[in-house]
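Enquirer: Below you'll find the structure I mean.
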Amino acid sequence: MPTSPPRDPVLHAVGLRIRRAREARGLSLEALAERSGLSSRSIIGIEHGRSDMRLRSLLAIAAALEVAPGELLAD
């Protein structure tokens, strides 16, 4: 049975911050995807720390969540 590759701790932490911010705003995955211009599948991968995102994606997600990009990257 194939297993998922190990998660990068930085991607995992950023994904968790994105998910928490999305949930705090009462947004569904689909709503965040629509607002950011990304696919729901991309958002899921990012939130689970399985997808390395481009800077443009991070900026789009931050804008959709109405937070500064640094808030999603901060330790």
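No lab work stands behind these numbers, since they all come straight from the coordinates. Every value quoted in this text rests on a predicted model; they were computed, and no experiment measured them. Here the Cβ positions follow ideal geometry from the backbone for every residue, glycine too, while neighbour counts run over all protein chains shown.
Enquirer: Within region 16-56, list the residues whose amide N lies under 12 Å from a label point set 7 Å along Cα→Cβ of Glu66.
Expert: Correct set: 25-27.
Enquirer: Between Glu23 and Arg54, what's the calculated FRET efficiency when r is the beta-carbon distance and R0 is 35 Å? Round to 0.05. Please list the in-between numbers first.
Expert: On the way: r = 23 Å, r/R0 = 0.67.
That gives a FRET efficiency of 0.90.
Enquirer: Provide the net charge surrounding Val67, with neighbours chosen by a C-beta distance below 11 Å and charges set as Lys +1, Arg +1, Asp -1, Glu -1.
Expert: +2
Enquirer: With a ≥ b ≥ c taken as the square roots of the eigenvalues of the C-alpha gyration tensor of region 5-49, please select rounded if a/c is under 1.5 and otherwise prolate if a/b is larger than b/c or oblate if it is not?
Expert: Here region 5-49 falls in the oblate category.
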